[in-house]
Amino acid sequence: MNAVETSVPPMSELLAKMVAEKQLSASDARSLTRPGSVAVRSEEEVLRWLAKEYGLDFTTLDDLEPDKEVLSLFPARILLKDELLPLRRVNGTVEIATSKLFATQGLDTLKSMTGLRLKPVLAPSEAIQREMKKRLGVGADTIGTLDEEKPFEVVDEDKLEDTDLDSAAEDASIIKFVNQVLRDAIELRASDIHLEPFEDEFRIRYRIDGVLQEVPVPPQLKRFQPAIVSRVKILSHLNIAEKRLPQDGRIKIRVDDAEVDIRVSVIPMLHGEAVVMRLLRQNSTLRGLEDLGMDTREKKCFKHVLEMPHGIILVTGPTGSGKTSTLYTALNEINDAVRKIITIEDPVEYQLKGVNQIQVSEKAGLTFARGLRSILRHDPDVILVGEIRDKETAQIAVQSSLTGHLVFSTLHTNDAPGAVTRLVDMGVEPYLVASSLEAVLAQRLVRVLCKHCKVVDDSPTARALKVQLGIAAETTIYKSVGCRECRNTGFHGRRAIFEWMDSDNEIRQLVLRNASSDQVRDAARRAGMKTLAEDGWRLVRLGVTTVDEVLSVTTAKEVSLTMDQSAENAPENAPHSIALKRP
């Protein structure tokens with residue numbers, strides 16, 4: 001059978017690429033394409049064949065831990081340039097992982113520099129790059145270049161006239177390092193980048209799926225901390241000479257045809273300036289209502305309020321819980337030629353065709369309240385207010401809904417019933433809240449189990465939890481493990497859990513009497529509202545997430561309400577319940 005078949009068109013391209021990169025010799029490539037040879041479909045299969053032909057070892061690096069001491073014997077710049085990963089010392093010989101058997105220049109350079117005996121071990125290039133980033137840190141090659149070829153010393157920061165940070169921040173290696181950090185964060189789906197100065201290190205962390213994960217960096221990075229911070233300031237048009245006051249800026253970059261808006265915050269700390277960058281992907285694909293993952297009741301209620309001619313619909317939750325994405329999904333559903341839709345946001349996260357969008361500008365004096373007043377003169381049918389932050393914005397939003405507009409907005413409260421009392425606390429009259437508020441949707445994001453490594457959880461603890469949470473005994477629930485695909489977190493991506501509260505007559509009467517949020521919650525539950533925890537258990541039953549993950553984003557009160565209801569419905573011979581431990 002021929003190696004190159006019509007069903008495998010990339011074969012010749014793969015071999016040509018490997019020959020060009022000196023991973024494979026031309027003669028070996030020809031032998032792999034001769035009639036009767038084994039069909040090769042991937043780089044790994046080619047490397048396994050080479051290892052067998054030349055009597056070498058092959059490894060995927062999954063079960064092999066590179067020796068840190070051996071790794072420290074070689075300069076990072078050369079290792080990264082030639083994709084060589086020192087593994088271990090065996091009988092006086094150092095094993096070096098490589099995917100380029102016939103590119104011997106790098107190995108020869110290392111041999112002449114160290115005088116050590118080296119033995120190549122074949123491994124896929126993707127595995128080598130992954131392990132290098134983990135062992136050597138992001139940007140080790142650029143920092144290594146600065147350290148070896150262009151050393152500079154940042155003098156006492158109090159003596160600004162002696163500090164040449166302008167030129168240091170414009171150094172090609174510093175520019176390349178900051179670019180690498182940004183690209184790495186975008187590729188890993190990070191929502192935030194944290195640059196944190198400490199006494200003896202400069203730590204970098206990414207927030208991925210809502211959880212901060214430390215990024216390996218070169219140990220000498222601390223020396224270049226001021227230059228790196230200055231580079232970020234230059235990109236975000238901030239004053240690099242100002243080190244005593246907090247500063248806010250923004251960067252807009254394009255990576256692989258996708259625009260990313262980066263919000264930058266710089267705050268002076270004890271050991272230097274700390275930087276947090278929030279990444280907002282401008283060209284993210286908008287989901288439809290069906291893709292939000294709502295249960296049947298919530299989806300039906302959502303569709304119903306979208307057909308209303310006026311009123312306020314609020315989405316509540318903490319920062320980063322997906323509130324704006326849900327509102328954009330709603331706008332996308334009702335965006336047509338017969339409606340005039342205007343939004344005022346800070347920032348504009350998505351660009352919707354056919355929707356008039358306004359960007360808040362505090363410096364220019366364009367606030368939510370001022371913009372909202374102007375919007376009303378543009379004859380809108382639907383208004384989206386990015387966030388109700390103060391009494392003035394809240395009052396204008398309420399008045400807008402009472403004058404025939406459908407108003408969407410967000411609010412920071414722990415649950416849906418809390419939004420009612422929050423509006424009253426902000427200074428809106430209870431009778432205005434009762435007459436204008438149509439519905440409140442609270443939401444949180446829970447991490448989704450990695451499909452590559454999740455395993456069934458059939459432990460005694462899991463069985464007791466099923467009874468305690470009202471989950472059927474035959475339902476399969478899962479726990480997280482961690483693998484290479486999910487960076488050993490056990491999770492990949494996030495899903496929303498929802499709590500929908502409609503404003504019925506009973507709730508309106510409670511609002512008029514200035515009732516507490518607990519009383520509003522009880523009335524909403526009698527009307528069919530499910531708490532965030534209850535919706536979380538739905539995802540646990542579906543095998544989407546874990547019990548611990550739901551506990552981490554819900555309140556103790558929500559969990560206890562669910563458990564009380566489950567206990568009432570539990571059979572008499574059910575196993576004893578256990579105490580739920582919050583992560």
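Odds and ends about this structure:
- Ellipsoid semi-axes for the stretch 207-317, based on the Cα gyration tensor and the rule √(5λ), read 40, 17, 15 Å when sorted largest first.
- Crossing angle, helix 296-306 versus the chain [Cα axis fit, 0-90 degrees, rounded to tens]: 70
- Sulfur and carbon atoms: percent of accessible area, the chain [1.4 Å]: 48
- Difference of contour (0.36 nm per residue) and Cα-Cα distance, L245 to K451: 69.6 nm
- Using Cβ point charges alone (K and R +1, D and E -1), the dipole size of the chain about the Cα centre works out to roughly 800 debye.
- With the cut-off at under 12 Å, measuring from each backbone N in the stretch 55-96 to a point 7 Å along the Cα-to-Cβ line of S42 picks out 60.
- For the stretch 362-459, the list of GluC sites (Glu not before Pro) that fall in a loop by DSSP and count at most 10 other C-beta atoms within 10 angstrom reads E362.
- Take the Cα of R513, step 7 Å toward its Cβ, do the same at R88, and the gap between the two points is 7.3 nm.
- Over the stretch 446-506, relative contact order from alpha-carbon pairs under 8 Å, at least 6 apart, %: 44
- Note that the stretch 175-217 shows a convex hull volume over its alpha carbon atoms of 71 Å³ per residue.
- Inter-label distance for Q105 and E333, nm, one decimal - labels placed 7 Å from Cα along Cα-to-Cβ: 5.9
- When the residues K323, K252 are ordered by accessible surface, computed with a 1.4 Å probe over the protein chains alone, the sequence from largest down reads K252, K323.
- Loop-located GluC sites (Glu not before Pro) in the stretch 485-561 (DSSP state not H, G, I, E or B) with no more than 14 neighbouring Cβ atoms inside 10 Å: E485.
- Using a 4.7 Å Cβ-Cβ cutoff, the cysteines of the chain lacking any partner cysteine are C301.
- Accessible area (Å², per residue) of the chain, counting only protein heavy atoms and a probe of 1.4 Å: 49
- Spin-label model distance (nm) - E65 vs D548, 7 Å beyond Cα toward Cβ: 2.1
- Cα-Cα over 24 Å, subset of K340/K391; K22/K133; K100/K134; K323/K479: K340/K391; K323/K479
- 5 angstrom amide H check on V315, placed H, neighbours 5+ away: S409, T410, L411, L441
- Cβ-based charge dipole, the chain, positive-most Cα from G493, V456, V264: V456
- The stretch 447-508 shape via C-alpha gyration tensor axes, a/c threshold 1.5: oblate
- Using a cutoff of 8 angstrom between alpha carbon atoms and counting only pairs six or more residues apart, the relative contact order for the chain works out to 8 percent.
The values are calculated or read from the model by the stated rules, or taken from the named source; none is laboratory data. Owing to the predicted nature of the structure, the values given are computational and were not obtained by experimental measurement. Using ideal geometry, Cβ is built from the backbone for each residue, glycine included, and neighbour counts are taken over all protein chains shown. Each accessible area value is taken on the protein alone, full model and side chains, heavy atoms only, with ligands, DNA and RNA left out. Shrake-Rupley method; radii C 1.70, N 1.55, O 1.52, S 1.80 Å.
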